[in-house]
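The values are calculated or read from the model by the stated rules, or taken from the named source; none is laboratory data. All values derive from a computational prediction rather than experimental measurement. So basically every Cβ, Gly included, is an ideal-geometry build from the backbone, and we count neighbours across all protein chains shown.
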Amino acid sequence: MNLDLHIHTTAYSSCSVMSPDELMLAVIAENLDGVCITEHNRIWSREEAEELSQRYGLAVFRGMEVTTTGGDILVFGMEEEPGGELWNPAVLKQKVDSAGGIAIAAHPFRGFLLFGFGTFQTDLKQSLDNPTFSHVHGLEVCNGMVTDEESALAEQAAEALGLIKFGGSDAHKAASVGTCVTRFEDTLRDEKDLIQAILSGRFLVERMK
């Protein structure tokens, strides 16, 4: 089952220029089996996701990208939204664990090169000291909005720390959908299946464009 697991739409992410319908048309164009919509600090209702899924005959899973004091963290399986609060990674991890969910540090090394501050300089030893990494299950090692160097460092850090290697396009426009695809060995029916599949490691993350 081929999915894009990091997506933003105009439904709840003001930074996106892609409507839910535009997203699904892009999913079809990329020959994907579905997506996980991860709006900023908001989670779609089950009814909204089911309606979109049924309308297009494709899987629509729900997640959320939470802004924390230690960076952006993707969460799956948690319904609680931060509202106006700014949680720290430890507090978020407790909430995720209580919900039986999973937490992934999103684009953990995205920064200076992307935003024009010059080459992002760090080394693996320094990266492993990031306190956020002790409060997540994995790192996003493939993201459509980071450089190859930043992705490589994320993969090295995940390997060294024994964390899950996660991927998603982080698409905010239709052309970016399918940049990073996760290929699961199993068919997934709901978020519970998605979480179990991620934890089992029965998947492959691949950058497509």
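Please specify each residue of the range 176-205 satisfying the condition of being out of contact with any strand residue (DSSP E or B) (no Cβ under 8 Å at 6 or more places or on another chain), of a type in the set (Asp, Glu) and not in a helix (DSSP H, G or I).
Asp186
Under the condition of being among the hydrophobic types (A, V, I, L, M, F, W, C) and not in a helix (DSSP H, G or I), which residue from the range 122-156 is surrounded by the fewest Cβ atoms within 10 Å (Cβ to Cβ)?
My answer is Met145.
Restrict the check to the range 55-62 and report whether at least one residue is of a type outside the set (Phe, Trp, Tyr), over 27 Å from Ser127 (Cα atoms), touching a residue at least 40 places away in the same chain (Cβ under 8 Å) and buried (at least 16 other Cβ atoms within 10 Å of the Cβ).
Looking through the range 55-62, at least one residue is of a type outside the set (Phe, Trp, Tyr), over 27 Å from Ser127 (Cα atoms), touching a residue at least 40 places away in the same chain (Cβ under 8 Å) and buried (at least 16 other Cβ atoms within 10 Å of the Cβ).
With (1) at pLDDT 95 or above; (2) not in a helix (DSSP H, G or I) as the list, and Gln54 as the residue in question, which single condition is left unmet?
Tallying (1) at pLDDT 95 or above; (2) not in a helix (DSSP H, G or I), Gln54 fails exactly one: (2).
For the range 167-186, does any single residue satisfy the condition of being surrounded by fewer than 23 Cβ atoms within 10 Å (Cβ to Cβ), more than 23 Å from Ala11 (Cβ to Cβ) and of a type in the set (Ser, Thr, Tyr)?
No: the range 167-186 contains no residue that is surrounded by fewer than 23 Cβ atoms within 10 Å (Cβ to Cβ), more than 23 Å from Ala11 (Cβ to Cβ) and of a type in the set (Ser, Thr, Tyr).
Just the residues that are crowded, with 16+ Cβ neighbours inside 10 Å, in contact (Cβ under 8 Å) with a residue 24 or more places away in the chain and part of a helix (DSSP H, G or I), please, taken from the range 70-111.
Pro89, Leu92, Lys93
Within the range 157-175, track down each residue that is aliphatic (A, V, I, L, M) and not in a strand (DSSP E or B).
Within the range 157-175, the subset aliphatic (A, V, I, L, M) is 157-158, 160-161, 163-164, 171, 174-175.
Hits for the range 157-175 are Ala157, Ala158, Ala160, Leu161, Leu163, Ala174, Ala175.
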